[in-house]
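The values are calculated or read from the model by the stated rules, or taken from the named source; none is laboratory data. Note that the coordinates shown come from a computational prediction; the quantities given were computed from them, not determined experimentally. Note: ideal-geometry Cβ built from the backbone for every residue, glycine included; neighbour counts use all protein chains shown. Protein only, heavy atoms only, side chains kept; ligands, DNA and RNA dropped before computing areas. Shrake-Rupley method; radii C 1.70, N 1.55, O 1.52, S 1.80 Å.
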Amino acid sequence: MLTATYILVSLSVEQASIRLSLLAFQKYMHVQLRQQSSLSLTQLQYAGDWLSRLYQGGYWRKVEMYLIPAIRQATPHADGLLDEINGLNHAALESINVVQQRAGAAIEHSELQAEQLCAAIDAFCGALLQRLEKEERELFALARKVIVGEAWFAIAYQFLAHDARAQEARRGKAQVLPFVLPAPGTPDGAAETTGSAAAAGGTAVPAVAQPLRAQA
């Protein structure tokens, strides 16, 4: 059981980091949008890019890569819970598509659009925060019940290998970035955020992506 405890604590640390990134992004965007009566295309692109990155980062989590497959292998009765978690992912994805569609349309912006962008960001963050909570309260508890013996050691080995690869990746560039607050005085916050992320070992903010497709 010590191995199971180590794994679940490690997952909780990962969850906490993602939660902080979501809350930091949500708070920053609310502050920025309250200060303006209209939106620029750059701001919509910036929001859409970070929503996409935070969403796609979820698929690099150890929960997704190792724990959920182990649960599926251990029991055929986890589909209901996993479907609920996937439903929250779909809800977050819809919010991203709303922002990307508005950026792609390049139409005249208004106060109403600022409110709609805030609502989309809140819906996105709310869905992923609910997912994290459901995983911690229900998925981790289910894992303790259905995963036994050597399976926990196999997961622990996967974690160690994952951490070794992540450490190697950090020497080049990271696969998943936390939300980084832009430096004050940068137009729309985009350029300095890109630089800060790169300095932290990340990649530059990408161009506006096509609408994402949910993964099963």
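Applying a threshold of 6 Å to beta carbon distances and a minimum spacing of six or more residues, or different chains, the list of pairs starting in the range 46-59 at a residue that is over 23 Å from Leu33 (Cβ atoms) and open to solvent by 20 Å² or more (accessible area, probe 1.4 Å) and ending at one that is in a helix (DSSP H, G or I) and of a type in the set (A, V, I, L, M, F, W, C) is empty. State yes or no: is Leu81 in contact with a Phe, Trp or Tyr (Cβ under 6 Å, 6 or more places away or on another chain) and either in a loop (DSSP other than H, G, I, E, B) or not aromatic (Phe, Trp, Tyr) (or both)? Taking the combined requirement at face value, the residue does not satisfy it. Listed by first and then second residue, the pairs linking a residue in the range 19-34 that is among the polar types (S, T, N, Q) to a residue that is not in a helix (DSSP H, G or I), with Cβ atoms under 8 Å apart and 6 or more places separating them unless they lie on different chains, are Ser21/Pro178; Ser21/Phe179. The set of residues in the range 31-45 being touching a helix residue (DSSP H, G or I) at 6+ places or on another chain (Cβ under 9 Å), surrounded by fewer than 14 Cβ atoms within 10 Å (Cβ to Cβ) and in a helix (DSSP H, G or I) consists of Arg34 alone. When the residues of the range 57-94 are filtered to those that are modelled with pLDDT of 90 or more and of a type in the set (Ser, Thr, Tyr), the one that is nearest to Ile7 (Cα to Cα) is Tyr66. Find the residue count for the range 1-15, including only residues that are aliphatic (A, V, I, L, M) and exposed (fewer than 13 other Cβ atoms within 10 Å of the Cβ). Total satisfying the criteria: 4. Just the residues that are surrounded by 20 or more Cβ atoms within 10 Å (Cβ to Cβ) and under 14 Å from Ile18 (Cβ atoms), please, taken from the range 63-84. Within the range 63-84, just Val63 meets the criteria.
The requirement of being crowded, with 19+ Cβ neighbours inside 10 Å and either polar (S, T, N, Q) or in contact with an Asp or Glu (Cβ under 9 Å, 6 or more places away or on another chain) (or both) is fulfilled somewhere in the range 16-25, by at least one residue.
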